[in-house]
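Reviewing the structure listed below.
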Amino acid sequence: MSAAPLVGYSSSGSEDEAEAEARARPGAGGRHRGQSPLPSQRLPVPDSVLHMFPGTEEGPEDDSAKHGGRVRTFPHERGNWATHVYVPYEAKEDFLELLDALLPHAQTYVPRLVRMEAFHLSLSQSVVLRHHWILPFVQALKDRLASFPRTFIGLEVTSGHAQFLDLVSEVDRVMEEFDLTTFYQDPSFHISLAWCVGNARLQLDGQCLRELQAIVDEFEDSEILLRVLAGQVRCKSGNKFFSMPLK
């Protein structure tokens with residue numbers, strides 16, 4: 001396999017790279033069937049009581065300054081969990097050295113680029129699950145993925161593309177069972193290295209990408225370095241992680 005090609009792209013509404021990590025919290029549902037309706041008049045609650053448990057009634061404040069300027073692609077609601085299915089990529093020292101060579105060069109074109117803290121290959125868009133759907137959803141994923149073999153990936157997949165399409169097909173079937181959004185048509189599988197707020201594709205395309213590709217091609221043992229054995233599929237739902245081993 002040749003050294004993996006680099007790609008520049010803008011997000012299209014999903015929280016893929018993500019994740020940009022949605023900070024949804026689990027919450028109790030509405031009133032149970034058979035409960036008595038709440039009285040229309042209530043006594044005022046003292047301020048000292050109202051502030052004893054901050055954040056238990058309202059969703060977390062969507063302060064983009066706390067996560068690099070990223071903004072939610074869907075509003076937070078109690079009981080909703082942002083969910084994403086992906087193959088994790090465990091970066092080794094040599095890979096991080098390559099990234100250290102690539103990122104400063106890319107930042108000469110787009111100074112606001114920020115290095116990714118973790119690396120993965122997405123198999124789904126970010127979707128919203130109700131809390132009581134999480135375990136059935138994960139079990140359905142495990143049932144669908146139980147028989148899949150391992151495969152190799154690079155920055156952009158140059159081999160094993162058909163196998164990843166098969167994985168996505170199974171993930172999509174689970175999404176459809178739960179009436180959720182399926183993955184993109186004709187996806188390009190890749191591992192994100194850096195991100196920035198806003199669409200900087202024009203600055204990255206062309207000369208910048210050619211120069212970055214040259215750095216990859218000239219990096220020692222890059223062809224071997226950019227291969228990894230993918231032994232599991234992982235599902236992140238809110239702050240919960242579930243792993244499904246691949247045979």
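The values are calculated or read from the model by the stated rules, or taken from the named source; none is laboratory data. Being a predicted model, the structure only gives us computed values, none of them experimental. Quick reminder, even Gly has a Cβ in these numbers, built from the backbone with ideal geometry, and neighbours come from all protein chains shown. Just so you know, the surface numbers come from the protein's heavy atoms only, side chains and all, with ligands and any DNA or RNA stripped out. Shrake-Rupley method; radii C 1.70, N 1.55, O 1.52, S 1.80 Å.
The table below lists the values:
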{"read-out": "Inter-label distance for Glu220 and Val7, nm, one decimal - labels placed 7 Å from Cα along Cα-to-Cβ", "value": "3.1 nm"}
{"read-out": "Residue-normalised accessible area of the stretch 152-247, given per residue in Å² at a 1.4 Å probe", "value": "54 Å²"}
{"read-out": "Sites Thr108 and His161 - FRET efficiency at Förster radius 22 Å, r taken between beta-carbons, to 0.05", "value": "0.10"}
{"read-out": "Three-way shape label, the stretch 124-198, alpha-carbon gyration tensor, a/c 1.5", "value": "oblate"}
{"read-out": "Debye log10 I(q)/I(0) for the stretch 135-247, one point scatterer per Cα, at q = 0.22 Å⁻¹", "value": "-1.30"}
